[in-house]
Each structure stands twice: as structure tokens, then as C-alpha cells.
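A short write-up of the structure that comes next.
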């Protein structure tokens, strides 16, 4: 049941209850969920609150509304295979999708007495007006190599494209540490998943061909990302 005194908004509590029911198959594929009126009466909340919960699940492609009929489950998970270090924008465009970025943090910071431009972006694709965020990217860019880079709009432009075209420095070499990361509520809300979920995180350095450090990077991947790796086994 809903906890009226909880710090978690009521609409989000209901959304999580419905999502759990959907994932557990309680309504079945293409099954109809209870009406807004039924849900409002069951949980003793307003239809406006119910409508907001359902709207978010529709935006996440877990539900679909059919005018005059009701709201139905459409649990067809969308998965994308991506590693992200050819450049997110390039990758998505090659797949014929529309890339989208939302800047969450943009500030100048100091690391070991060196100035960096810290850029945090939620990155994903837009289909039929709905945004599905796939990664949360944090980039720290050295300002001695890229002076004035904060003037570019990185919701519209690719970071690596700006580095290549505007500064003549191409990101080429990536050294990464890969490990699980327990996400907090903020990241959970971005990806539309449960808090405290372990997701894959990579962090490390990006360098140019002549070993100039061009970026300190961290990427957290949503559950909608698949990974396919290939390597040779040396015996």
C-alpha cells in the first residue's frame, strides 16, 4: 500500500507498484490494468495522481493507452548494444536514431590544482516524442587543452566532435575500469528504475594518439544497454 507520510511522492509510489506488477506478469502481456477510477478508489488517492503515474509508465513504454478502451501492458523491452567510446552521437546516428542529451551539471572544477570543465549529461534516444535515457556520462575536460570549451552547447553538439573539429585533438585511446555501481534515487529517476539497483559503470582516461589526456570519464549504463564483447584467447 501507499505510505502517505513517506518522502517518496505518492504518484511515484503508485508508479513503482504498477511497474512491479507489470514486470511480475500480474496483468499479462497486452493485459488491461485497472482503470484510473478503480486505482484511485483502491489507493484512496485522486485520479490526477493516478494519471501522472500512468503517464510516466506510458513514457517508459510499459503501458499504452487506447482511447475508449483502457490502458494496456506493452512490455516489449528495448535493448541497445553500445559501448559509447566511438562517441555516443555517432553511434546513435549510425543506427538511424535521434540522439538526445540533457545537461545535469556544467561547471569548472579543480583536480590536483588543474582546471577542468565538468560536464554531466543524461544521454539517450528519442522515438515518437519519447526519450529513453541510456547512459549517464560525466566528463572532466582539461581546460589547458580545450580553453573556452564551456561555450559550446553540448545538448546539441557531440563533445568528441567539438574536440576534433574545433581544437584539432582527436580522442583515440581509452583506459577503463569496469565495476558495478549501486545507483541513488537521482540516477534511478533518470533511467526510470528502482533505487539501489546495481548498474554497470566504467571510468577512466581518454587520450589522444600522442598521449595527451583529453578526458576523465565516467559512464553509468541503464538496464536497456546490452554488451557484446569479443576477444582472442591466447594459450
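Please treat every number below as a calculation from the coordinates, not as lab data. Being a predicted model, the structure only gives us computed values, none of them experimental. Reconstructed Cβ throughout: ideal geometry from the backbone, glycine too, with neighbour counts over all protein chains shown.
Can you work out the FRET efficiency for the pair residue 29 and residue 6, with r the C-beta to C-beta distance and R0 = 45 Å, to the nearest 0.05? Walk me through the intermediate numbers first.
Details: r = 31 Å, r/R0 = 0.69.
For residue 29 and residue 6, the calculated efficiency is 0.90.
What do the square roots of 5 times the Cα gyration tensor eigenvalues come to for the stretch 10-73, in whole Å, largest first, as semi-axes of the equivalent ellipsoid?
Each semi-axis is the square root of five times an eigenvalue, giving 16, 13, 11 Å.
Using 0.36 nm times the number of residues separating residue 212 and residue 17, minus their current alpha carbon distance, what extension gain do you get?
That works out to 65.3 nm of additional length.
Relative contact order of the chain, please, whole-number percent, based on alpha carbon pairs below 8 angstrom and at least 6 residues apart.
It comes to 15 percent, rounded to a whole number.
Any idea what log10 I(q)/I(0) is at q = 0.08, 0.13, 0.14 Å⁻¹ for the chain, Debye with uniform C-alpha scatterers and no solvent?
Each listed q maps to, in turn, -0.39, -0.88, -0.97.
Taking the chain as the reference, fit the longest principal axis to its C-alpha atoms, fit the long axis of helix 47-59 to the helix C-alpha atoms, and give the angle between the two in degrees, 0 to 90, nearest 10.
Once rounded, one gets 40 degrees.
I'd like the FRET efficiency for residue 173 and residue 130, computed as 1/(1 + (r/R0)^6) with the beta carbon distance as r and R0 of 35 Å, rounded to 0.05. Mind dumping the intermediate values first?
Working: r = 36 Å, r/R0 = 1.02.
So the FRET efficiency works out to roughly 0.45.
Is it possible to state the helix-based mean residue ellipticity at 222 nm for the chain, with each DSSP H run of 4+ residues giving -39500 (n - 2.57), the sum divided by total residues, to the nearest 500 deg cm²/dmol? What is it?
That comes out to -7000 deg cm²/dmol.
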